[in-house]
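Worksheet: the structure to be examined is printed underneath.
The values are calculated or read from the model by the stated rules, or taken from the named source; none is laboratory data. None of the values given here were measured: they were computed from a predicted structure. Reconstructed Cβ throughout: ideal geometry from the backbone, glycine too, with neighbour counts over all protein chains shown.
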Amino acid sequence: MASRTYTVSIIHVIFIVFLMFSYVILQQSITNEKLFLQHQANSLLNFTRLSVKHGYFTEEHTVYTEDGYLLTIFRMVKSKKCYDQVKNPPVILMHGLLMSSDSWFDAGPEASLAYLLSDECFDI
């Protein structure tokens, strides 16, 4: 009986390693595909890296909900154009279904709503 349990454990470990390897290969192929299709380099960055690249201070927080969901929320603390304390009220931006927080930054610092609000000293 012990050898059967040992065999099942080995099968589980092999399956988990296979899943992890598949995930890494998938992520690499997505990155290579974006580069091959000549997407902008910014499309490879996440929210935090993209906003820091443009000179905005951000925070990233992970929240566990009561019903077991894992959420990542972001905050733009301060714009490079706000020298004083943030005086305007906080603004919550929520993306649509099947989208991500990156949708608020895709148009760049000159046109994206999150950047424009942050430049006006709102707490995003």
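Here are the numbers for the structure shown:
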read-out	value
Residues that are under 13 Å from residue 54 (Cβ atoms) and among the aromatic types (Phe, Trp, Tyr), drawn from region 105-124	105, 115
Restricting region 13-61 to residues that are over 19 Å from the mean Cα position of the chain (by Cα) and among the β-branched types (Val, Ile, Thr), the residue that is modelled with the lowest pLDDT	25
Selection from region 109-122 of residues that are touching a residue at least 12 places away in the same chain (Cβ under 8 Å) and not polar (S, T, N, Q)	109, 113, 114, 115, 117, 119, 120, 121, 122
Members of region 103-118 that are crowded, with 16+ Cβ neighbours inside 10 Å and not aliphatic (A, V, I, L, M)	104, 105, 109, 112, 115, 118
Residue that is nearest to residue 74 (Cα to Cα) [pool: residues in region 85-119 that are in contact with an Asp or Glu (Cβ under 9 Å, 6 or more places away or on another chain) and among the polar types (S, T, N, Q)]	112
Every residue from region 55-70 that is free of Cβ contacts under 8 Å to residues at least 60 places away in the same chain and closer than 18 Å to residue 91 by Cα	57, 58, 59, 60, 61
